[in-house]
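Undergrad: What follows is a single structure, and I will ask about it in a moment.
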Amino acid sequence: METRPDRRACTLLAIGAVLGIVLGATSALEPQGSRADGPRADAVALVNGRVIRTEEYLRTCSLLARDKRTEMTDADRARVLDRLIDEELLLQHGIEMGILDSDRVVRGAITTAMMTSIVAESASATPSESDLRAFHKNNRSHFVEASGVVPDFPDVRDEVEEAYLNRARSRSLREYIDWLREEAEIVLSPEAPR
């Protein structure tokens, strides 16, 4: 008798698959181990020379374990690894078929994932109180109330921090993109706007 898979487990596995594809695509340019060397220390497997990271495997196992009503079994862990290998094979085949060049949704997902990653790194540091006070002082027009009054720093501290972090995220993203442009070879057609 065939049993119907738990809907939540399937949903989590589908989300994991999408995340795996996006993460795999963003790591496509990372150096990889070779078959002769075997998997790197941080790899649970190599698929055509591409690493499946132990961290990703453990995270996926953890997601499944949270959703299961029983203990994770060796068979469950093997299914997780098989699923990650399947995702990597599909990703590699999609890249070979040119999906990164032709599918706007995939390109958008990768771009969004990269921007989120860059912004998350820049937002990991908490600004000091003196940085926030200086930001408030130097950007007073940003905090003007409808009455034309600029509130004192303690009254708008949370808004100042949010504005500070937003500006830091934008600056980090711009700096990263500028660095990518410096490293890239970009050739514009004669008809391209300048």
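So that you can scan it fast, the table gives a plain yes or no per residue for (1) more than 17 Å from Tyr57 (Cβ to Cβ); (2) assigned to a helix (DSSP H, G or I); (3) not aliphatic (A, V, I, L, M):
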position: Arg77; (1), (2), (3): no, yes, yes
position: Arg83; (1), (2), (3): no, yes, yes
position: His93; (1), (2), (3): yes, yes, yes
position: Asp101; (1), (2), (3): yes, yes, yes
position: Val106; (1), (2), (3): yes, yes, no
position: Ala113; (1), (2), (3): yes, yes, no
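Undergrad: Can you tell me how many residues within the stretch 42-67 are out of contact with any strand residue (DSSP E or B) (no Cβ under 7 Å at 6 or more places or on another chain) and either without any contact (Cβ under 8 Å) to a residue 40 or more places away in the chain or loosely packed, with under 13 Cβ neighbours inside 10 Å (or both)?
TA: 11
Undergrad: Here's a follow-up. Please give the number of the condition Gly16 fails out of (1) open to solvent by 70 Å² or more (accessible area, probe 1.4 Å); (2) within 24 Å of Thr111 (Cα to Cα); (3) at pLDDT below 90.
TA: It fails just one condition, (1).
Undergrad: Follow-up. Identify all residues within the stretch 155-168 that are open to solvent by less than 40 Å² (accessible area, probe 1.4 Å) and either in contact with a strand residue (DSSP E or B) (Cβ under 9 Å, 6 or more places away or on another chain) or under 15 Å from Val119 (Cα atoms) (or both); write none if there are none.
TA: Ala163, Leu165, Ala168
Undergrad: Then there is this: Using the structure shown, decide if Asp37 is at pLDDT 50 or above, open to solvent by 50 Å² or more (accessible area, probe 1.4 Å) and in a helix (DSSP H, G or I).
TA: Judged against the criteria, Asp37 is not a match.
Undergrad: Kindly indicate whether any position in the stretch 147-154 is without any contact (Cβ under 8 Å) to a residue 12 or more places away in the chain, small (Gly, Ala, Ser), in a loop (DSSP other than H, G, I, E, B) and surrounded by fewer than 11 Cβ atoms within 10 Å (Cβ to Cβ).
TA: Yes, some residue in the stretch 147-154 is without any contact (Cβ under 8 Å) to a residue 12 or more places away in the chain, small (Gly, Ala, Ser), in a loop (DSSP other than H, G, I, E, B) and surrounded by fewer than 11 Cβ atoms within 10 Å (Cβ to Cβ).
Undergrad: While we're looking at this one, here's another question. Answer yes or no as to whether Val119 is surrounded by 15 or more Cβ atoms within 10 Å (Cβ to Cβ) and within 26 Å of the chain's Cα centre (by Cα).
TA: yes
Undergrad: Can you tell me how many residues in the stretch 77-104 are surrounded by fewer than 16 Cβ atoms within 10 Å (Cβ to Cβ) and in contact with a Lys or Arg (Cβ under 7 Å, 6 or more places away or on another chain)?
TA: Number of matching residues: 1.
Undergrad: Of the residues Glu30, Glu2, Glu55, Glu71, which is modelled with pLDDT of 90 or more and assigned to a loop (DSSP other than H, G, I, E, B)?
TA: Step by step, each of Glu30, Glu2, Glu55, Glu71 is checked, and only Glu71 is modelled with pLDDT of 90 or more and assigned to a loop (DSSP other than H, G, I, E, B).
Undergrad: Okay, next question. Quickly run through the stretch 130-146 and pick out the residues that are open to solvent by 80 Å² or more (accessible area, probe 1.4 Å) and under 16 Å from Arg167 (Cα atoms).
TA: Correct list: Arg133, Lys137, Asn138, Arg140, Ser141, His142.
Undergrad: Scan the stretch 169-194 and report the pairs whose first residue is under 13 Å from Met115 (Cβ atoms) and basic (Lys, Arg) and whose second residue is modelled with pLDDT under 90 and surrounded by 11 or more Cβ atoms within 10 Å (Cβ to Cβ), with Cβ atoms within less than 6 Å and a gap of 6+ or a chain change.
TA: That search, which allows pairs on different chains as well, returns Arg169/Val119; Arg169/Ser122; Arg169/Ala123.
The values are calculated or read from the model by the stated rules, or taken from the named source; none is laboratory data. Please read these numbers as outputs of a predicted model, since none were measured by experiment. Virtual Cβ from ideal backbone geometry, glycine too; neighbours counted across all protein chains shown. To get the accessible areas, we keep the full protein, side chains included, count just its heavy atoms, and leave off ligands, DNA and RNA. Shrake-Rupley method; radii C 1.70, N 1.55, O 1.52, S 1.80 Å.
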